[in-house]
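Inspection log for the structure reproduced underneath, given as structure tokens.
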Amino acid sequence: MSTARPFLIEDMTALLLACSAEPTRLRKADRDFYARDRTRIAGAMRPLEGDLLALADFGLDVRLDHAWSMLSRLGFARIESDLSGAPVYTGTREGREWMELGDVMLHRVILDSLRPLMEDEVERIHGRSRKMAHGAIRAPRLGLFPFQRFGGYLGGAINAECERAAAEAFRWLVDKPPTPLDTLLEHAVAAHNPLADPQLQRRILLGYGVARDVSGLWLRILSDMILQYLVPLGALAVAWDDEGYPLIELTAAGRYLFGLDSDLPDPLAGLPDSVRIQADFHIVFLRPAPAAERALGRFSERLGTDVGTLFRITPESVRIAAAAGLTERTVLEALEATCIGGLPRNVKREIQGWMSSSRRLTARMALVIDCGDEETALRVAAEGGAKLRMIGSTVVEAPEGKLPAALLRKLAAAGLFVEEGVYEPWD
């Protein structure tokens with residue numbers, strides 16, 4: 001069976017790692033990355049092979065935007081404001097939990113968010129977000145459409161019918177040799193076009209006013225699925241025939257996505273002896289091993305591609321990995337699963353030390369009342385009840401970040417008058 005590179009997973013992890021390394025500020029005007037950050041993040045993405053670049057525009061900017069979109073829609077990253085009020089793009093708790101997963105589960109979570117709905121699910125969901133649990137991970141259901149072409153209550157059922165028809169069309173590739181892309185699309189239009197149903201056509205035309213060229217519309221929908229999801233997630237392998245026409249083949253990831261297999265194979269299982277880690281923290285690839293590259297690249301500094309010295313483990317690369325959500329267990333398991341000859345003791349010891357020194361801290365804005373002396377602070381805290389708390393011998397905090405008017409009146413009635421202070425920098 002063919003394998004294919006799930007470069008969208010690589011790009012999503014690269015973007016999360018880049019945003020975990022330091023707060024990534026966005027332009028205020030359009031909330032997009034600054035050019036220097038685009039260059040920095042794109043530099044961490046592994047270039048694609050010629051076969052994929054010949055199929056569509058999979059340039060680094062396009063891949064970065066696609067990774068941003070997927071992470072945001074899944075709730076793995078979002079735009080927030082830093083303590084100065086500037087917009088930043090940052091990973092979420094769910095994103096860190098996703099990054100902690102092994103290679104198979106990383107892939108499964110994304111594929112499960114796209115799997116077509118079953119008949120009984122359509123009646124219960126009608127296009128709304130569905131959560132799927134993977135241990136601590138709860139990812140929303142995105143569906144196979146890159147965009148919901150038909151929205152609203154009615155649209156959820158139409159989208160689901162289209163997704164199931166697309167699944168049937170792609171299942172047609174099972175156990176077939178590499179098949180011309182045009183042949184698949186012709187078959188899908190002839191045998192699996194839900195838009196050809198007159199009743200469904202009337203619903204679509206009445207509710208959405210789309211063109212009557214249902215064959216052309218169905219081809220565009222299938223092409224979107226292929227280019228936005230199936231190829232970037234490794235569900236379809238791509239090659240070219242002697243005349244320069246694209247050939248596609250369903251992979252193990254595709255079989256899982258369309259419900260033909262119950263699980264994904266472990267890409268690191270049965271990996272040939274191809275990776276060695278040295279005592280100086282360099283990782284050497286004796287032959288190409290893309291799955292090992294994906295696993296090790298999440299916590300190592302990249303030095304090359306394909307064969308040779310591809311990575312170096314550094315305190316900085318491990319710190320960034322820890323910030324993104326990787327744990328000591330995840331890192332050591334990936335090394336032990338991919339590297340021949342065992343893990344040098346000094347490498348294991350240093351990784352454990354670097355990981356154990358990492359801490360996740362929480363910064364927040366606070367509203368405090370400087371009372372001047374301990375007796376006054378105790379009186380203020382007593383009058384405030386649950387709305388105030390002591391955080392020092394002379395300082396009281398309002399945990400909600402505000403002082404309601406009723407509380408200010410109560411303090412004033414007790415002879416405690418609060419006025420707005422001015423920040424004074426430390427000497």
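See the values below:
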read-out	value
Net charge of Cβ neighbours under 14 Å - reference residue 189; Lys, Arg +1; Asp, Glu -1	-4
Residue-averaged [θ]222 nm for the chain, counting only DSSP H segments that reach four residues, each worth -39500 (n - 2.57)	-13500 deg cm²/dmol
The stretch 249-258 - phi-based ³J(HN,Hα) in whole Hz, Karplus 6.51/-1.76/1.60, Gly and Pro as x	8, 6, 9, 4, 5, x, 4, 5, 4, 9
Phi to ³J(HN,Hα) by Karplus 6.51 cos²θ - 1.76 cosθ + 1.60 over the stretch 98-110, Hz, x for Gly, Pro	5, 5, 6, 5, x, 4, 5, 6, 3, 5, 4, 4, 6
Reported label for calculated log10 I(q)/I(0) by the Debye sum over Cα atoms at q = 0.08, 0.13 Å⁻¹ given [x] -0.59, -1.15; [y] -0.45, -1.19; [z] -0.67, -1.08	[x]
Accessible-area composition of the stretch 272-427, carbon plus sulfur, in percent [1.4 Å probe]	52
Whole-angstrom gap from the stretch 236-273 to the stretch 41-118, using each part's C-alpha centre	21
Helix 198-208 axis, angle to the chain major axis (alpha carbon atoms, nearest 10°)	40
The chain: angle of helix 181-191 to the longest principal axis, Cα-based, in degrees nearest 10	90
Whole-number percent relative contact order across the chain, with pairs defined as alpha carbons under 8 Å at least 6 apart	15
Placed amide H near residue 88: partners under 5 Å, 5+ positions off or other chain	26, 80, 81, 82
Dipole magnitude of the stretch 258-298, debye to nearest 20 (Cβ charges: Lys/Arg +1, Asp/Glu -1, about Cα centre)	180
Accessible area (Å², per residue) of the stretch 306-363, counting only protein heavy atoms and a probe of 1.4 Å	53
Total lysine pairs whose alpha carbons fall under 30 Å of each other in the chain (8 or more apart, or interchain)	4
Which of 345, 319, 63 is most accessible, then next, and so on - probe 1.4 Å	345, 319, 63
Summed residue charge, Cβ within 13 Å of residue 307's Cβ, Lys/Arg positive, Asp/Glu negative	0
Candidates 94, 336, 243: whichever shows maximal mean-square fluctuation once the chain is modelled as a Gaussian network with Cα springs under 10 Å	243
Degrees separating the helix 60-74 axis from the principal Cα axis of the chain, which is the longest one	70
Cα centre as origin, Lys/Arg/Asp/Glu Cβ charges: the chain dipole, Debye	780
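The values are calculated or read from the model by the stated rules, or taken from the named source; none is laboratory data. Keep in mind that this is a model prediction, so the values were computed, not measured. Backbone-built Cβ (ideal geometry, glycine too); neighbour counts: all protein chains shown. SASA here: full protein model, heavy atoms, side chains in, ligands and nucleic acids out. Shrake-Rupley method; radii C 1.70, N 1.55, O 1.52, S 1.80 Å.
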